[in-house]
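Please read the structure below before turning to the comments.
The values are calculated or read from the model by the stated rules, or taken from the named source; none is laboratory data. Values in this document were obtained by computation on a predicted structure and should not be read as measured data. Methodologically, a virtual Cβ is constructed for each residue, glycine included, from the backbone with ideal geometry; neighbour enumeration extends over all protein chains shown. Each accessible area value is taken on the protein alone, full model and side chains, heavy atoms only, with ligands, DNA and RNA left out. Shrake-Rupley method; radii C 1.70, N 1.55, O 1.52, S 1.80 Å.
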Amino acid sequence: MQLISQTEIQRRIDQLKDQELYVHLEMTSGAYAAHLDSTKHPTATFITNAVIRYSHGSITGEGPFRIGLKTAQGWIYSEGLTHYDDNEVDRLIIAGHDSAGKLVVALQLSREPF
């Protein structure tokens, strides 16, 4: 994975808008970390292969970045994004890693299910 290029990610977001897409979105603060450190509050969110269509999408911030996608029903929003997979041509795979390199957030968009 490469550090996010805001211009490249915005280009890819624009390419995918107004299409039926599958979304994968997950976030964790270390759901399994509480047994190692009782001060950590374990949190996690996971959705995969939900079908969406967005009319507007943007990436903002100075890094870590945030992405918002406006759908007919509301918004999808993800924050803390740091890296993307530059080998993917037809899918947008973006992740946020903490200072230890552990995954904390992922946002993925594809025309095909994951």
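With the cut-off at 1.5 for a/c, could you classify region 64-114 from its C-alpha gyration tensor as rounded, prolate or oblate? Walk me through the numbers on the way to the answer.
Working: a/c = 2.43, a/b = 1.25, b/c = 1.94.
Oblate shape, in that a/c is at least 1.5 and b/c is the bigger or equal ratio.
Return the carbon/sulfur percentage of the accessible area of region 1-106, one whole number, probe 1.4 Å, all protein chains in place. Each step should come with its number before you reach the end.
Details: 3340 of 6460 Å².
The computed percentage sits at 52.
Rank Thr39, Thr28 by accessible area, highest first, at a 1.4 Å probe radius?
The most accessible residue leads, giving Thr39, Thr28.
Once ligands and nucleic acids are excluded and a 1.4 Å probe is used, how much of Val104 is accessible, expressed in Å² to the nearest 10?
Result for Val104: roughly 50 Å² accessible.
Which order do you get for His83, His24, His41 if you rank them by accessible area with a 1.4 Å probe, largest at the top? Mind dumping the intermediate values first?
Details: His83 40, His24 15, His41 140 Å².
Greatest to least solvent exposure: His41, His83, His24.
Would you please state which residues of region 70-114 a label at Thr39 would reach in this model, taking the label point 7 Å out along Cα→Cβ and a backbone N cut-off of under 16 Å?
none
Using Cα-Cα distances under 8 Å and only pairs 6 or more residues apart, what relative contact order does the chain have, in percent?
Values: 243 pairs, mean separation 32.8, N = 114.
Relative contact order for the chain comes out at 29 percent.
Which value, in debye to the nearest 20, describes the size of the charge dipole of the chain about its Cα centre when Lys and Arg Cβ atoms bear +1, Asp and Glu Cβ atoms bear -1, and nothing else is charged? Let's see the in-between values first.
Working: 10 positive and 14 negative charges, 50 e Å.
Using Cβ point charges on Lys, Arg, Asp and Glu, the chain gives about 240 debye.
Students sometimes get this wrong: rank Val89, Val105, Val51 by accessible area, probe 1.4 Å, all chains present, largest first.
On the way: Val89 125, Val105 10, Val51 80 Å².
Order by accessible area, largest first: Val89, Val51, Val105.
Would you mind getting the accessible area per residue of the chain, heavy atoms of the protein chains only, 1.4 Å probe, in Å²? Please list the in-between numbers first.
On the way: 6870 Å² over 114 residues.
Using a 1.4 Å probe on heavy atoms only, each residue of the chain averages 60 Å².
Of the candidates Ala100, Ala72, Ala44, which one comes out as most mobile in a Gaussian network treatment of the chain with C-alpha springs shorter than 10 Å?
Residue with maximal mean-square fluctuation among Ala100, Ala72, Ala44: Ala100.
Report, to the nearest 10°, how far helix 6-16 tilts away from the longest principal axis of the Cα atoms in the chain, using its own Cα long axis and a range of 0 to 90°.
60 degrees
Which FRET efficiency, nearest 0.05, do Val51 and Gln2 yield, Cβ-Cβ r, R0 22 Å? Could you put the intermediate results ahead of the total?
Numbers: r = 28 Å, r/R0 = 1.27.
Calculated value: 0.20.
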